[in-house]
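Right, one structure below, let's go through it.
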Amino acid sequence: VKIELRRESDVPLYRQVAVQIRDLIRQGALAPAMRLPTVRALATELGLSRLTVHSAYAELHSQGLIEGIVGRGTFVSAQLPRTPIDTHGAHEPQAPAPWLVRGVLAELAELAQRRELISFAQAIPAPESYPLREFRRALSNVLDDRTAYGYGAIQGDLALRAEMSRLLLERGIVTAPENILITSGAQQGIAVTLAALAHPGEVVLVEEPTYPGFIELAAQRGQRLVGIPRDADGLSVDAIVAACKAHRPRLLYTVPTFHNPTGAVIAPARQAALLKVAAEHDLLLVEDDIYGFQTFDGPPPLPLRATGGEERVIYITSFSKALMPGLRLGAVVAAPHLLPDLAGEKHDLDLHCSPLLQRALANYLRHGAFASHLQSTRELYRTRRDALLAALECYLPECTWTVPAGGLSLWVTLPESLVEREYYFEALDHGVGFARGQAFFPQPQSLGHMRLSFGGLSPQQIEEGVRRLAGALNALQHRRLEAVRVTRDRLPLV
Ligand SMILES: Cc1ncc(COP(=O)(O)O)c(C=O)c1O
């Protein structure tokens, strides 16, 4: 077994071993039923502890890639699990590969801790934009209220739900506080929705690419995902119809406004088509509008919920991107008959959100500073997006990318010659991080991508970061040319 370890890498050694053996199995270099070295032998060969190799084998075992036969040793599974490389066009329901997504998400979180890096990895707002003065005032207004320190309502503090109901009018959504559930961010909104409305093993439709946190949650809950491709106008309705006929799913998860990772916006005609097809196939649409307030130019497009989707759309939003992620506050709006089940799941998870923080946020919203906060961050992020676009144009002409009109990220397609994973590690070596495209798909992909999030970086950091990305790309391509040259030189002269 030929395995190369990068001991300086943040990826744990057992994962490096597991991933490389997995790749060798996938490539056929390790054939089904082939015997693998014993844990002890491989540990000695690689200079690793037996525990490390054992953990790698355990991971491969849990993926069905290897099997142990008592008394004989460890073998590549005789019957390998199916792993399609490209899910586009092939709408087979697949349990997402949690090891894949988790690994990539762990990488993403780790990057944020590495100070020497310029990291485009996390879609975060600019910390310098946090409205500390206004929020301190809001907090101090509620600090002496004893009821803010007790248990609160499962559905959320009424003061915050009332403010939410007012705020949502700006997104064109008319809803009473009774139809709002306060959640711990959009992530919990997704979690309660999946728990209340989709059974384990059931097929759930997702757009491809999509938010990794959704893929991971669905994977944990044993849901099978069918990817729906997107075009310039949004989700492919034909693919939805085909998937509905084949699998009769109940839920489709989508980020129609400033989509994560591309930043794209659904076209109005596509919105109407989506709502129509949902009604025809009794499909509920889970609309994640977390970036909906963050437009760069002009008012953002209306959400599905506000364009005829009152019955079919479960609308999720959050203050994580538009205000401060550490508040951990978001909301779900759903038809009244769905709310009791959603609130029941919220209760099971954590009873309710912190009453103190909910009151403080309600107080902050009531004083009207949110609109001016949005206005000033709009300019900030527009400037950062433009700096990123200019840098890409200048340094990475080999790539193509989206031009978002809102949100915090854009999506880059790498040249075909680049292997995403190799490029990712090369970029880290050059001092720059990004979110690997693979994290945004439930199944392995052949074409490489990266999501670049610009919200938390200054224009100078953005330019320097893209310069480093270009350095990494050039280094890889140079090495590849070198390898070709060396091989050519070795040919016999005849
Ligand atoms: C589309 C989308 N949904 C949900 C979340 C999670 O948000 P929150 O921090 O509100 O839980 C994110 C965060 O990146 C996201 O991009």
- Item | Pick from the stretch 430-471, criterion small (Gly, Ala, Ser), surrounded by 16 or more Cβ atoms within 10 Å (Cβ to Cβ) and within 30 Å of ALA219 (Cβ to Cβ), ranking: nearest to the chain's Cα centre (by Cα) | ALA439
- Item | The lone exception for ALA218 - which of (1) within 13 Å of the chain's Cα centre (by Cα); (2) closer than 18 Å to ARG451 by Cβ it fails | (2)
- Query: Could you say which residue among VAL241, VAL277, VAL226 is away from the ligand (no atom under 15 Å from the Cβ), open to solvent by 10 Å² or more (accessible area, probe 1.4 Å) and hydrophobic (A, V, I, L, M, F, W, C)?
  - Reply: VAL241
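Conditions tested, residue by residue: (1) modelled with pLDDT under 90; (2) surrounded by 19 or more Cβ atoms within 10 Å (Cβ to Cβ).
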| position | (1), (2) |
| --- | --- |
| ARG22 | yes, yes |
| GLN27 | yes, no |
| ALA33 | yes, no |
| LEU36 | no, yes |
| THR44 | no, no |
| GLY73 | yes, no |
| PRO84 | yes, no |
| HIS88 | yes, no |
- Query: What about ARG15, is it in a helix (DSSP H, G or I), within 30 Å of GLU116 (Cβ to Cβ) and either β-branched (Val, Ile, Thr) or in contact (Cβ under 8 Å) with a residue 60 or more places away in the chain (or both)?
  - Reply: yes
- Among the residues of the stretch 191-209, how many are surrounded by fewer than 24 Cβ atoms within 10 Å (Cβ to Cβ) and either small (Gly, Ala, Ser) or within 15 Å of the chain's Cα centre (by Cα) (or both)? 6
- Item | Tally, over the stretch 379-395, of residues that are more than 22 Å from GLY234 (Cα to Cα) and buried (at least 19 other Cβ atoms within 10 Å of the Cβ) | 7
- Consider only pairs whose beta carbons are under 6 Å apart and that are at least six residues apart or on different chains; among these, list those whose first residue lies in the stretch 313-324 and is within 20 Å of GLY455 (Cβ to Cβ) and whose second residue is buried (at least 24 other Cβ atoms within 10 Å of the Cβ) and among the acidic types (Asp, Glu). ILE316/ASP288; THR317/ASP289
- Inter-residue pairs, beta-carbon under 8 Å, first over 14 Å from LEU365 (Cα atoms) and outside any loop (DSSP other than H, G, I, E, B) and in the stretch 157-182, second among the hydrophobic types (A, V, I, L, M, F, W, C) and open to solvent by 30 Å² or more (accessible area, probe 1.4 Å), 6+ apart: PRO177/LEU158; PRO177/ALA162
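The values are calculated or read from the model by the stated rules, or taken from the named source; none is laboratory data. All values derive from a computational prediction rather than experimental measurement. Quick reminder, even Gly has a Cβ in these numbers, built from the backbone with ideal geometry, and neighbours come from all protein chains shown. With ligands, DNA and RNA removed, areas are computed over all heavy atoms of the protein, side chains included. Shrake-Rupley method; radii C 1.70, N 1.55, O 1.52, S 1.80 Å.
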